[in-house]
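Step one of this worksheet: look at the structure below.
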Amino acid sequence: MARASLVPASLRYLHQVARSGSIQKAAKELNVAASAIDRQILLLERELDVELFERLPRGMRLTAAGDALVTLARRWRDDERRVAADIKQLQGVDQGHVRLVAMDSHANGFLPRFIERMAIEQPRISLEVEIASPDDALTALLAGNGDIAAIFNLSPRRDVHVHWSAELPFGCIVAPTHALARHETVSLQEVVAHPIALQSKALMIRRYLDARYGWLFADPQKALVTNSLQLVKQLARGGRYVAFTSELDAAPELTAGSLKFLPVRDKGAEPQTVSIAADARKPLSRIGRIVANLLTDEIRASLNKAREPAQGTPPPAVSG
């Protein structure tokens, strides 16, 4: 039997119309009469003495007041989910829904294993995974569209609680057959003697490179630029290109031995970071902590496996 929502119908209808763009579409998605939705929105507008939507020939567009109310509806919905999960936990059941925001590189790394582990160990916890850039991941987390986020190079903020974090040495990847592969570390001067597969400025590591080592890319003939991490790794595997990325981004290939990670030894080469974060303005539920802990374990395991072939001997476990 479906559980009745604790969020007022008027707010639920408002939220759906905002998502769908029209009352007719919202009615179909909610399986509710369009007249009932229209009536609730008109009542809200009358009570608040403000228009919540602009009525356009091809749909409905939120006004500033409507947007504020939709934000309230989302908060109520999130609170309702947390309360429902808390009640289940009081009954001794780990059950609930968690929204995770992660990076595109994670989708081809630890995420599939993490999701499989969740399904086996916590079958009553459902996951919603959104793939985003580091900037968009933080925005989604603080806007209430995610409960947990795995983010690269997260700057300290009062409104963000870091559940766990680990340093990732700044370095590059090459094929085992590449001329640089015989080294254990490299200098940037050594790297720029070879063609570089460079990530676009939409990605954090490129912005870091531009800010500190812009001279690397003075010769446009030596660098191929792309916004695809998968293409960058494929080019590096081909044996011609060097690529700057983290051990975590290239963990599957490092574990398989098809790529080698070389830390940059130049003075001032700062490590990157990966963090599991939550909104500090609201408590993370017990269900959220379970998911965050399992995610931490999976990232640690991924890094440890990636570092074994690179170092030749098993490294100490990642701490954090």
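All of the numbers you see were taken from the coordinates with simple rules; none came from a lab. Please read these numbers as outputs of a predicted model, since none were measured by experiment. In this analysis, Cβ positions are derived from the backbone assuming ideal geometry, glycine residues included, and neighbour counts consider all displayed protein chains.
Structure summary
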item: √(5λ) per eigenvalue of the Cα gyration tensor, the range 9-71, largest first, Å; result: 16, 13, 10
item: Enclosed volume per residue, in Å³, of the convex hull spanned by Cα atoms of the chain; result: 177
item: GNM flexibility winner over the chain from Glu51, Glu270, Glu80 (Cα, springs under 10 Å); result: Glu51
item: Pairwise FRET efficiency - Lys201 versus Ala256, Cβ, R0 = 25 Å, nearest 0.05; result: 0.30
item: Sites matching GluC sites (Glu not before Pro) across the range 184-261 that sit in DSSP coil, with at most 13 neighbouring C-beta atoms within 10 Å; result: Glu184
item: C-alpha center-to-center spacing [the range 122-201, the range 98-113] in angstrom; result: 11
item: Residue-averaged 222 nm ellipticity for the chain, from DSSP H runs of 4+ at -39500 (n - 2.57), nearest 500; result: -13500 deg cm²/dmol
item: Contour minus Cα-Cα distance for Arg157 and Ser133 (0.36 nm per residue); result: 6.8 nm
item: Cα-centre dipole for the range 39-173 with unit charges at Cβ (Lys and Arg positive, Asp and Glu negative), debye to 20; result: 260
item: Extreme residue, positive dipole direction of the chain, given options Phe110, Leu188, Val264 (C-beta unit charges); result: Phe110
item: Cα pair distances of the range 171-269 binned at 10 Å [whole percent]; result: 17, 55, 27, 1
item: Estimated FRET transfer efficiency when R0 is 51 angstrom, pair Asp297-Asp49 (beta carbons, to 0.05); result: 0.45
item: For the range 9-71: relative contact order, % (alpha-carbon pairs under 8 angstrom, 6 or more apart); result: 34
item: Residue order, fewest to most beta carbons within 10 Å, for Arg117, Arg281; result: Arg281, Arg117
